C-alpha cells in the first residue's frame, strides 16, 4: 500500500512478432512505456495508428453532429442511477479489433452524416424561403408582372422598395422618367421607375447610390409578387414538414445508435493512444524493442507472458541509461484508502523518495471533518448521501461516496460525543451524557457552553501540534531516505527540533503565568531553551558556515548568512501561524452549533405549533448541511494542503501511464 516498487523491463523480439507482443502488452496493461530516442516506426503499427485516428475523427464528428454527451449528466447518475452501458469487443489482434470497430461504425456514421446533412440543408432552405417571403410580405398586394417588365425591348422598368425619406431625392434624380410611388406599412414605399431602354444603366446607378433595392424574384417563382408570396409560403410549409421528418429520423438514429457510436469513439481513442505510444520500435531493422516499467510484484507474470522472447529486468527500476528521466509513480491503495488519493493527487504524485500520505489522510481527513461538523443528525444525512453515491456505477462517484460516508460517520461519532442531534440534545431522546458539552440545553432554549468552548479550542491546538510534528518528522525521514545529509543537518532536523522544543517552551510559558523569567526557573522551560538554541543557530548561520567551508555554493557568504536569518524569522512566524490555524477545528464546530441554535430558536419560540414548523426546520437544516458541509470540506482540505503538506510534500512525481488508457464504455476481451 502506497508507492509501488517498479521494475524496468525490456523485451527484445523479431519485428514480425511485434503485433503479437502488443496484444500481450494490452492484456498486461500495467506497463509504462519509456520514451526513448526516435527510431524506426513499425509500418504495421503505424498503419493501425492512422486507421485509429481516422476512425476516431469520423465517430467524434458523428457524436458532435448528434450532440451526444460523452457521459450522462451527473445529477441523473446520482439521483436516477443512470449508468454507462459496457460494450465488449473480442479480437485476437489490434487489426482485427479495428476491423470490427470500422465495420460496426461505418454504416452508422454514413447514416448519421446523411441524415444530419439533409436536416441542415432543409433548415437552410427553410430559412432562405422564409426570409424571401418576409421580404415580399410588404408588396404582397402589388399586382405587377415583373417578368413582363424585364422583357420590354424599347422601354425599361424597375420596381423597388425605398425608404420614404429618400423618395424626394430619388424623384428628383429621375425627374425625366416615369416615377410612381405607393406607400407601404411602416416607413417604406414601393416605387415604379420606367423610361427608355437606354436609361437602364442610369436607373440602376441611381438606385445603387441611394441604397434602394430593386425587387428581383427568382426565376423559379411567379413574377407577380402576390403569387410569388403565396408560393413561398406554401414552399416554407412543405420544407417545415420535411424538416420535422428529418428531425424524427435523426432522433431515431440517436436512440438506436448512440451507445454504439460512443463505444466506437472510445475504442478508437484508446487504440490511437496505445498504438501511437508503441509505434516507435527501436532503431534495428529486423529486431523490435519494448522498454518500460511494470510493478515489481508482477514481474514473474510479465516474464511468463513474454517467455517466447528475450526479457531483461532491472529490479531496482532505475534509469541508468537515462538518469535525466524521472521514475514514474504508481500508487497502490486498499479499497478503504483509495478514495483519499484525490487529496494527495490535488498536490501531485509523490516523487521517488517521498512518502505517500494517503493512508494517513484516510484517517485524519474524516476526523477533522467530523470534529468541525459534529452533529449526529447531520452526520447521518451525509452518511446516507455518501452511501447513495457509493451505490452508483460511476467510479469517480464511488470514490466521492467513500469520502462522504467516512466523513459522515465521523461527524456522527463526534455528534454523539458532543450530545448533539440536529442542534438538539441527544439526552432528550436517549439518556446518554455527552463526553464534552459544547451546547447547554434547557427546556426553554440552548446556549454555548464556555467551558466546552475552552476545552475544544485546546484539543484543536493539540491536534494541530501533533499533525505538524508528524509532517516535520516525515520530512526528516524523506531526507534521510534520499541521503540528503547536508539538507538534514541544515534544515530538516533543526526545523523539527525547533518546533518540538518550541512546544515545550510555550507550555512552560503558559505554566509560568506568561512570565519569561518564570520559564527559565521551570525544568521544562530550561530544557526547551537548551534544545532549541542549537536549532536556531543552525537555521540562522548554518548555510553561511557551509558556504565558507565549501559544502554549499551560494552566490556569496554574506548572502548565505542573510538568507539564513530571513529563513529563521519566516520559519518562526510560519510555525506560529500554522499552529493557530488549527483553531479552525473548534471555531467551525462553534459556527455549526451557532447556526443550529439560531434555527432551533424557531422551535423553542413556537413549540406549541410543532406540526407547522417541522417543514421550515427541515429546510433550514438542509441549507446548513449544504453550506456548512462545503465550508468544512474546504477548511479540511486547507489544513492538509497548506499547513501539513508544505512541511514534507512536493508532489513532483511523474504519473505511471498504463499502456491502455482508462475506459468507461468498452471492455476488450483478447482471444
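Bear in mind these aren't lab numbers, they're just calculated from the coordinates by the rules spelled out. On a predicted model such as this, the values are computed, not experimentally measured, just so you know. We place every Cβ from the backbone using ideal geometry, glycine too, and count neighbours over all the protein chains shown.
Taking every DSSP beta bridge that has both ends in the chain, the antiparallel portion is near 85%. Residues 155, 498, arranged from fewest to most other Cβ atoms within 10 angstrom of their Cβ, appear as 155, 498. Within the stretch 646-671, which residues have the backbone N less than 19 Å from the label spot 7 Å out from residue 103 along Cα→beta-carbon, could you tell me? In the stretch 646-671, the label zone of residue 103 (backbone N under 19 Å from the point 7 Å along Cα→Cβ) covers 667-671. Backbone N atoms of the stretch 634-654 closer than 11 Å to the 7 Å Cα→Cβ label point of residue 346 belong to residues 634-642. The eigenvalues of the Cα gyration tensor, multiplied by 5 and square-rooted, give the stretch 484-581 an equivalent ellipsoid with semi-axes of 29, 13, 11 Å from largest to smallest.
Each of 491, 165, 17 has some number of other Cβ atoms within 10 Å of its Cβ, and from fewest to most they run 165, 17, 491. A crude spin-label estimate for the pair residue 531 and residue 86, with each label 7 Å from Cα along the Cβ direction, gives 5.4 nm. Going from the fewest other Cβ atoms within 10 Å to the most, the residues 242, 628 appear in the order 242, 628. Here r is the Cβ-Cβ distance between residue 601 and residue 521 and R0 is 56 Å; the resulting FRET efficiency, rounded to 0.05, is 0.65. Computed extension length for residue 131-residue 332: 66.0 nm, one decimal, from 0.36 nm per residue of separation with the Cα-Cα distance subtracted. For a paramagnetic label modelled on residue 664 (point 7 Å from Cα along Cα→Cβ), amide N atoms under 13 Å away belong, within the stretch 45-71, to 68-71.
Full extension of the chain segment joining residue 563 with residue 391 gains 56.5 nm, where the gain is 0.36 nm per residue of separation less the Cα-Cα distance.
One chain, two ends: residue 484 and residue 46. Fully extended at 0.36 nm per residue, the span grows by 153.2 nm beyond their Cα-Cα distance. Contact order for the stretch 484-581, expressed relative to its length and based on alpha carbon pairs under 8 Å spaced 6+ residues apart, stands at 25 percent. Annotation for residue 428 and residue 166: the two label points, set 7 Å from Cα along the Cα-Cβ direction, are 8.0 nm apart. Rounded to two decimals, the Cα-based Rg/Rh of the stretch 256-381, with Kirkwood Rh, is 1.11.
The angle separating the long axis of helix 18-28 from the principal Cα axis of greatest extent in the chain is about 60 degrees.
Treating the stretch 488-644 as a set of equal point scatterers at the Cα positions, no solvent, please give the Debye-formula log₁₀ I(q)/I(0) at q = 0.13, 0.14, 0.18, 0.20 Å⁻¹. Reported log10 I(q)/I(0), two decimals: -0.79, -0.85, -1.08, -1.17.
Put a dot 7 Å past the Cα of residue 511, heading toward its Cβ, do the same for residue 652, and the two dots end up 4.2 nm apart.
Alpha-carbon geometry of the stretch 295-446: the Rg and the Dmax are 23.3, 83 Å, given in that order. Under 4 °C and 1.567 mPa s, how fast does the stretch 155-311 diffuse according to Stokes-Einstein, given a Kirkwood radius computed over C-alpha pairs? Answer in µm²/s, whole number. Rounded to a whole number, D works out at 54 µm²/s. Applying 1/(1 + (r/R0)^6) with R0 = 56 Å to the Cβ-Cβ distance of residue 200 and residue 247 gives a FRET efficiency near 0.75.
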